[in-house]
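A.B. asks: Attaching a single structure in structure tokens format; questions to follow.
The values are calculated or read from the model by the stated rules, or taken from the named source; none is laboratory data. These figures come from a predicted structure and were not determined experimentally. All Cβ positions, even for glycine, are placed from backbone atoms using ideal geometry, and neighbour counts span all protein chains on display. The area values use the complete protein model at the heavy-atom level, side chains included, leaving out ligands, DNA and RNA. Shrake-Rupley method; radii C 1.70, N 1.55, O 1.52, S 1.80 Å.
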Amino acid sequence: MSNRMVKLARRPKGMVKRDDFTIEDGPVPEPGAGEMRVKIEYISLDPAMRGWMNDTKSYSPPVGLGEVMRSFSAGTVEKSNNPAFKSGDAVQGMFGVRRYAISKGERVLKVDTRQAPLQRWIGGLGMPGWTAYFGLLEVGQPKAGETVVVSAASGAVGSVVGQIAKIKGCRAVGIAGGPDKCRYVTQELGFDACIDYKAGNLAAQLKEACPKGIDVNFENVGGEILDTVLLQMNVFGRIALCGLISAYNATEAPAGPKNIRAVLTQRLKMQGLIVTDWASRVPEAITQLGQWHKEGKLKIREDVREGGIDAFPDVLNLLYTSGNFGKLVLKV
Ligand SMILES: NC(=O)c1ccc[n+]([C@@H]2O[C@H](COP(=O)([O-])OP(=O)(O)OC[C@H]3O[C@@H](n4cnc5c(N)ncnc54)[C@H](OP(=O)(O)O)[C@@H]3O)[C@@H](O)[C@H]2O)c1
């Protein structure tokens, strides 16, 4: 078995194309002193990956041309010269889009596959779950009885946000694309309502689902959705700006938000968040999310795709075309 890997060949314009990457085979690497070799089993597809390919100012440096594409992944330690890890340990970390990774163990977490399957540790119990947990509780600051609206509600982050909102005694309203996703959000996840933004008339649907207005908006999408939500925010509402996926492949700067005046008139707080802001508190999120999951209060769904390393560019694009249903993961 070779070490097949995806490298960034050029900076994509719009949606990624296969030619934006080279897919290469290398030898299976040997760990040096203090290192371990991880056999990667699942690669996490995250919307942010598209931003990591751009050479613009951001929260992390761009992936360099010719470098292995950055990713969260989960796998098993195959060989270890690091006393903190042993062969057979299930782990997750930023191992990149490849079959084997060498790691010194920095920011690598051991995970318990008896508690949840390996792929869930890069999903609802991994980075997307931590984002929902800290983003909603720390930035959104929801209080019992308030109305929380979350976009991309059936997805990895959004699904967890709405369920935490329910646990905290809030009215949880999702926004998602299509009747199947909306049915899942209300019937399986227990949100109070879910709006199908593809059905049109978003403002009227939102008004009906949020008769007392919106206190917390957990924003994953931006564009028209954020603009519509802004006009229904209550005084002193909070907007946790987690993602703007509707613009990640845009080739021109977006025109909005058009209704930013609502931030002034309703005295809203809008704060961007990056999950690594709470890096030191990840164990807390893992414990709490794991507990809710065990108690059946937190349901988690993965969308696992076959095709291995070579399928990476096509599978990634599913995120931007509403093609995934649950946390998108590529099986290696
Ligand atoms: N700030 C952070 O630290 C952080 C960390 C993780 C994730 N995020 C952000 O959180 C958001 C969700 O990420 P995720 O991993 O949970 O992905 P996800 O929701 O599992 O998948 C992406 C979903 O976004 C929706 N979408 C895509 N393009 C859209 C558009 N033009 N208009 C409306 N909806 C669109 C689609 O759902 P529908 O079928 O419902 O349209 C798609 O299934 C992203 O914006 C991501 O960048 C931020």
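A.B. asks: When only DSSP loop residues count, what trypsin sites (Lys or Arg not before Pro) in the stretch 58-93 have their Cβ near at most 16 other Cβ atoms within 10 Å?
C.D. replies: Those that pass, being in a loop and sparsely packed, are K86.
A.B. asks: Per the 1.4 Å probe, what fraction of the accessible area of the chain, in percent, lies on carbon and sulfur atoms?
C.D. replies: 51
A.B. asks: List the lysines whose alpha-carbon lies under 17 Å from that of K327, not counting same-chain residues fewer than 8 positions away?
C.D. replies: K181, K299
A.B. asks: Counting only complete DSSP H runs, which helices of the chain cover 27 Å or more along their long axis at the Cα atoms and score a mean Kyte-Doolittle of 0.0 or above?
C.D. replies: Correct list, ordered by number: empty.
A.B. asks: For the chain, what is the percent of antiparallel DSSP beta bridges, rounded to the nearest 5?
C.D. replies: Bridges in the chain are about 55 percent antiparallel.
A.B. asks: Hey, another quick one. Once the other residues with Cβ under 11 Å from the Cβ of A116 are scored (Lys, Arg +1; Asp, Glu -1), what is the net sum?
C.D. replies: +1
A.B. asks: Show me 285-298, 311-324 ranked by packing, highest mean number of other Cβ atoms within 10 Å first.
C.D. replies: 311-324, 285-298
A.B. asks: Here is a further query. Which GluC sites (Glu not before Pro) in the stretch 100-173 pass both tests, a DSSP loop state and at most 16 other beta-carbon atoms within 10 Å?
C.D. replies: For GluC sites (Glu not before Pro) across the stretch 100-173 that sit outside H, G, I, E and B with at most 16 neighbouring Cβ atoms in 10 Å, the list reads E106.
A.B. asks: Between the stretch 21-53 and the stretch 98-152, what is the separation of their alpha carbon centroids in Å?
C.D. replies: 20
A.B. asks: Sort by residue number and report every cysteine in the chain with no other cysteine beta carbon within a distance under 4.7 Å.
C.D. replies: When partners are defined as cysteine Cβ atoms under 4.7 Å apart, the chain leaves C170, C210, C242 without one.
A.B. asks: Still on this structure: Over its Cα atoms, what ratio of radius of gyration to 2.2 N^0.38 Å does the stretch 203-309 give?
C.D. replies: 1.33
A.B. asks: Among the trypsin sites (Lys or Arg not before Pro) within the stretch 140-238, which fall in a DSSP loop and have no more than 14 other Cβ atoms within 10 Å of their own Cβ?
C.D. replies: For trypsin sites (Lys or Arg not before Pro) across the stretch 140-238 that sit outside H, G, I, E and B with at most 14 neighbouring Cβ atoms in 10 Å, the list reads K143, K212.
A.B. asks: Over the chain, what lengths in whole Å, largest first, do the semi-axes of the equivalent ellipsoid take, defined as the square roots of 5 times the eigenvalues of the alpha-carbon gyration tensor?
C.D. replies: With the √(5λ) rule applied to the chain, the semi-axes are 35, 22, 17 Å.
A.B. asks: Have a look at G14, G162, G135 and tell me which one the Gaussian network model of the chain (Cα, springs below 10 Å) gives the largest fluctuation.
C.D. replies: For the chain, modelled as a Gaussian network with Cα springs under 10 Å, the answer is G14.
A.B. asks: Apply the Kirkwood formula to the stretch 127-276: the hydrodynamic radius equals the inverse of the mean of 1/r over all pairs of different alpha-carbon atoms; give it in Å with one decimal.
C.D. replies: Mean inverse Cα-Cα distance, inverted, gives 14.9 Å.
A.B. asks: At q = 0.14, 0.19 Å⁻¹, what log₁₀ I(q)/I(0) does a Debye calculation on the Cα points of the stretch 193-240 give, no solvent, two decimals?
C.D. replies: Taking Cα atoms of the stretch 193-240 as identical point scatterers yields -0.30, -0.56.
A.B. asks: To the nearest 20 debye, what charge dipole does the chain have about its Cα centre, counting +1 at the Cβ of each Lys and Arg and -1 at the Cβ of each Asp and Glu?
C.D. replies: 380
A.B. asks: Write down the accessible area per residue of the chain in Å², having rolled a 1.4 Å probe over the full set of protein chains.
C.D. replies: 45
A.B. asks: Can you give me the Cα centroid spacing of the stretch 161-184 and the stretch 264-303 in angstrom?
C.D. replies: The distance from the Cα centre of the stretch 161-184 to that of the stretch 264-303 comes to 14 Å.
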